[in-house]
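The values are calculated or read from the model by the stated rules, or taken from the named source; none is laboratory data. What you see is a predicted model, and the numbers here were worked out from it, not measured in a lab. All Cβ positions, even for glycine, are placed from backbone atoms using ideal geometry, and neighbour counts span all protein chains on display.
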Amino acid sequence: RDTRDGAEKKISVQNHGQSSGGAACRAVAEQRAEQWRSSVQRKDAERKKKIS
């Protein structure tokens with residue numbers, strides 16, 4: 001019984017680590033997407049300036 005409780009605790013700790021890691025990955029991905037969008041908008045603005 002003690003060993004099973006220990007295994008369950010270990011699994012829950014691993015799952016928690018994975019979920020928090022996933023949240024960090026998501027934050028980084030959102031940051032990159034935001035940077036990419038702003039760089040695209042900047043390029044569009046420069047292109048429009050050249051046209052006008």
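Summary table below
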{"item": "Answer from ILE51, ILE11 - the residue that is β-branched (Val, Ile, Thr) and modelled with pLDDT of 80 or more", "result": "ILE51"}
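Table: residues versus (1) of a type in the set (D, E, K, R); (2) modelled with pLDDT under 85; (3) surrounded by fewer than 10 Cβ atoms within 10 Å (Cβ to Cβ).
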residue: ASP5; (1), (2), (3): yes, yes, yes
residue: GLY17; (1), (2), (3): no, yes, no
residue: GLY21; (1), (2), (3): no, yes, no
residue: ALA29; (1), (2), (3): no, no, no
residue: ALA33; (1), (2), (3): no, no, no
residue: TRP36; (1), (2), (3): no, no, no
residue: SER39; (1), (2), (3): no, no, no
residue: ARG42; (1), (2), (3): yes, no, no
